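The values are calculated or read from the model by the stated rules, or taken from the named source; none is laboratory data. Predicted model, so just to flag it, every value in this text is computed and none were measured. When we count neighbours, we look across all protein chains shown, and the Cβ atoms used for this are built from the backbone with ideal geometry, even at glycine.
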Amino acid sequence: MHAHRRTPHAHDTPAVGPRALRLRYAAIGSFMAFTWIGEGNAPAWEHALRTLVILLILPPLLLRTNRRLTQELYETTRPTRVIAQLVTARIVIIAAAFGTSALVGHLLDPHTGRSPVVPAAGLVLLLLSIPVQVRRAHRTRADRSHPSTRPTLSAPRLIVAKLALIIAALLAQLLLGAYVDNATYVVAAAIAITATVLGPAVHGWLLVAQAPAPEREPVGDAA
């Protein structure tokens, strides 16, 4: 199979604008808040521990898998298979992280009943994101620069940033718990707001350069 040359388009070198970056971190903050609320009325330290379990699983596995399959997507002549692998891997890793977190919660407090509504809603939202993931994968493939030439999120730096947020949330809930009945929801809202406001400000620090690769035309889809 040979690559076919294409006329460059304006979207061949997309840049993440300030608005898109804010929306991205708003989604991340909402995701973290959703996770915090999903742990119910558990003690603050259990909220923090279960969130930490998710944090230690997701970034290393998800970023590494995403990087490898994105590069493969750029180079392959049959993108459908790689996109399916990419989306499936993301769903499996996220589900495994939340499943492990739920198991930790059960082991810590096996007698507490937990509603399945929040996990089920999270799974539905994850499945609903598939069309967006597929669209973004095609946009990535259309970029003229190889994925290895683009900055990527650093898993260690991401863990440090989120760990700082979790510690702050833990302290806030410990302090508010004595004065506010629904401290969990207050802290969850604070997590979402903090990620939305501060995320774009620290985004540059979270990025690291990858090993350079020669720029070339993306591989055309197979007929």
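Contact map, region 40-63: first residue under 15 Å from A172 (Cα atoms) and of a type in the set (F, W, Y), second residue at pLDDT 80 or above and crowded, with 18+ Cβ neighbours inside 10 Å, Cβ cut-off under 8 Å, separation 6 or more or different chains; pairs are W45/L170.
Here's a check for you: in region 173-188, which residue that is loosely packed, with under 15 Cβ neighbours inside 10 Å and within 15 Å of G38 (Cβ to Cβ) is modelled with the lowest pLDDT? Going through the qualifying residues, I end up with N182. Here T88 meets each of (1) of a type in the set (S, T, Y); (2) surrounded by 16 or more Cβ atoms within 10 Å (Cβ to Cβ); (3) modelled with pLDDT of 85 or more with one exception, condition (2). Remark: pairs (first residue in region 126-139, touching a residue at least 40 places away in the same chain (Cβ under 8 Å); second residue of a type in the set (V, I, T) and outside any loop (DSSP other than H, G, I, E, B); Cβ separation under 7 Å; 6+ apart in sequence or on different chains) = I130/V87; Q133/V87; V134/I83; V134/V87; A137/I83. Inspection of region 97-107 identifies at least one residue that is surrounded by fewer than 15 Cβ atoms within 10 Å (Cβ to Cβ), modelled with pLDDT under 80 and closer than 30 Å to G177 by Cα.
Among the residues of region 150-172, are any in a helix (DSSP H, G or I), modelled with pLDDT under 80 and either under 30 Å from T80 (Cβ atoms) or of a type in the set (K, R) (or both)? No, region 150-172 contains no residue that is in a helix (DSSP H, G or I), modelled with pLDDT under 80 and either under 30 Å from T80 (Cβ atoms) or of a type in the set (K, R) (or both).
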